[in-house]
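Asks: Let me give you the structure first, and then I'll get to my questions.
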Amino acid sequence: MEGQVKTVYMAFSTDVIHSGHLRLIELAAKLGRVIAGVLTDEAVVSYKRYPLLDYAERAAIIGNIKGISEVVPQDTLSYVPNLRKYRPDMVVHGDDWQQGLQQSVREETLRELQSYGGSLVEYPYADREAYKLLEEASRDRLSIPDIRRGRLKKLLGLKDVVTAMEAHSGLTGLIVEKTTVYHEGAAKQFDAMWVSSLCDSTDKGKPDIELVDMSSRLRTIDDIMEVTTKPIILDGDTGGLTEHFVYNVRTLERLGVSAVIIEDKKGLKKNSLFGTSVKQTQDEPEHFAAKIRAGKRAQKTQDFMIIARIESLILEKGMEDALARARAYVAAGADGIMIHSRRKEPTEIYEFCDAFRAEDKTTPLVVVPTSYNQVTEEELGRHGINIVIYANHLIRSGFPAMQKTAELILEHHRSLEVDKMCMSIKEILTLIPDEI
Ligand code: SPV
Ligand code: MG
């Protein structure tokens, strides 16, 4: 209606307000009554770094800025659900979202606005060096051990299913840190990193038999930590001798690792996916529970997690054995249970998780769906699973690509034929910035 105050919608995911935001709000307020959609913590972590301030803090700050009339939560990176709910006359945004990941969010917003006669108003984005430095400082804060360590527990509180992808070097760490996709109205990133014994050993050309010692594992973790901010879950193999494990718990905590997962095997450890085709011995439940208790006593902070991995299904010891061990390990203080299987179907995993959840509603459950990889995270979530680990996929995809490249050069006595498989020289030169 003529003369009626228009409504203007803006979305905010930032926890660092600067003059660029204030200027945009000032311009938006001239157009009408401004509704600020503040992205929930879950929506923020779906596409960028973990917020330093939680939703309530960010909503309170934004709600108090001059020119903002109302604050509402925005549950997804996509504007569409809120546009349908509030039907604003306009959306105001900086023109920076015309490129990159946000491009699809913009297109979707435009389509939705056009469907009911709304319009998009864009102002030049203030790309000041100082703003970039602020963002970098926020990232630096997230990589500080005390801040990074507790993030896995926070994510478990925030999301139904937390995903972890394996990383075995600074470079693969960067892939896990930065890869983002936008699909059907939602952005998605991995939540955490799994430092796999298999991949860490393989990358060093060694077998996965606890031969790569803790000093070397710590070196890998440090390489990853230097260039990333996401929480780290360490594959701690058997945890070694209890007398050594307690020292390692403190070291990992001090470094800012969020969780260690130890498996209930003893003697020479072989990779679980060998199953019973090689000799592997399961530890006595009492002995393994004592190792967990010792680790829990040794830890200094509240937020570090020791997760017990049960190998009963791998070693064909039966469901009852697995469930009894789960009870014993939780009673010993385990902060989570990982149940592993090498079957092609998820049946035994679901049977275990359903039975476990019937008696324990809260202890986080962790799975590694390598052999039963047809299952989706959503399906696993419906069986009470909280952490899904993609345990070896970057090394398994990287290796064949490198091998093929080596073969082609040998075949052709030159490198022209591999060019189409390689990233450009410009890309590799600029992939890692010179400065931090
Ligand atoms: C690893 O990634 O090293 C694991 C998981 O322990 S698995 O290889 O499936 O045993
Ligand atoms: Mg392992």
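Asks: Build a GNM of the chain with springs between Cα atoms under 10 Å: which of Arg297, Arg139, Arg414 gets the top mean-square fluctuation?
Replies: Of Arg297, Arg139, Arg414, the most mobile in the Gaussian network model is Arg414.
Asks: Return the long-range amide H neighbours of Gly37 (sequence gap of 5 or more, or a different chain), with a cut-off of under 5 Å between placed amide H atoms.
Replies: Those qualifying (amide H under 5 Å, at least 5 residues apart or on another chain) are Met10, Ala11, Phe12, Val72.
Asks: Treat each spin label as a single point 7 Å out from the Cα along the C-beta direction, and report the Tyr247 to Asp213 distance in nm.
Replies: Between Tyr247 and Asp213, the simple spin-label model gives 1.0 nm.
Asks: Going by average Cβ neighbours within 10 Å, how do the peptides 149-161, 54-66, 126-138 rank, with the highest at the top?
Replies: So the peptides 149-161, 54-66, 126-138, ranked by packing, come out 149-161, 54-66, 126-138.
Asks: Can you list the residues, at least 5 places off or on another chain, whose amide H is less than 5 Å from the amide H of Gly94, using H built in the peptide plane?
Replies: Those lying under 5 Å, H to H, from Gly94 are Tyr123.
Asks: With θ taken as phi - 60° and the coefficients 6.51, -1.76 and 1.60, list the Karplus ³J(HN,Hα) couplings across the range 136-145 in order, rounded to whole Hz; mark glycine and proline as x.
Replies: 5, 5, 5, 4, 4, 4, 5, 8, 5, x
Asks: Express the Stokes-Einstein translational diffusion coefficient of the chain in µm² s⁻¹, to the nearest whole number, given a Kirkwood radius over alpha-carbon pairs, 25 °C and a viscosity of 0.890 mPa s.
Replies: Reported coefficient: 102 µm²/s.
Asks: Rounded to two decimals, what ratio of Rg to Rh does the range 7-133 give with C-alpha atoms and a Kirkwood Rh? Spell out each step's value before the answer.
Replies: Details: Rg = 13.5 Å, Rh = 14.7 Å.
Rounded to two decimals, Rg over Rh is 0.92.
Asks: How large is ³J(HN,Hα) for each residue in the range 17-34, as worked out from phi by the Karplus curve 6.51 cos²θ - 1.76 cosθ + 1.60 (θ = phi - 60°), to whole Hz, x for Gly and Pro?
Replies: My calculation for the range 17-34 gives 7, 10, 4, x, 5, 4, 5, 5, 5, 4, 5, 5, 5, 6, 8, x, 7, 8 Hz in order.
Asks: To continue, here is another question. Taking amide hydrogens as modeled 1.01 Å from N in the peptide plane, which residues meet the under 5 Å criterion relative to Glu166, leaving out close sequence neighbours?
Replies: HN-HN under 5 Å from Glu166: Trp194, Tyr390, Asn392, His393, Leu394.
Asks: Per residue of the range 423-431, in order, report the coupling 6.51 cos²θ - 1.76 cosθ + 1.60 (Karplus, θ = phi - 60°) as ³J(HN,Hα) in whole Hz, putting x for Gly and Pro.
Replies: The phi angles translate into 6, 6, 4, 4, 5, 5, 5, 9, 4 Hz.
Asks: I would also like to ask the following. Which of the pairs Lys48/Lys206; Lys30/Lys132; Lys48/Lys154 have their Cα atoms more than 25 Å apart in this structure?
Replies: Over 25 Å apart, Cα to Cα: Lys48/Lys206; Lys30/Lys132.
Asks: Go through the range 357-398 and name the trypsin sites (Lys or Arg not before Pro) that are in a DSSP coil and have 13 or fewer other Cβ atoms within 10 Å of their Cβ.
Replies: Within the range 357-398, the qualifying trypsin sites (Lys or Arg not before Pro) (loop, at most 13 other Cβ atoms within 10 Å) are Lys361.
Asks: Still on this model: In a GNM of the chain with a 10 Å cut-off on Cα contacts, which of Val121, Val16, Val418 has the highest mean-square fluctuation?
Replies: Evaluated over the chain, the most mobile residue of the options is Val418.
Asks: Can you pick out the pairs among Lys188/Lys344; Lys317/Lys404; Lys317/Lys361; Lys153/Lys265 whose Cα atoms lie more than 32 Å from each other?
Replies: The pairs that break the limit, which is 32 Å between Cα atoms, are Lys317/Lys404.
Quick note: the coordinates plus some simple rules give every number you see, no bench work behind them. Owing to the predicted nature of the structure, the values given are computational and were not obtained by experimental measurement. Methodologically, a virtual Cβ is constructed for each residue, glycine included, from the backbone with ideal geometry; neighbour enumeration extends over all protein chains shown.
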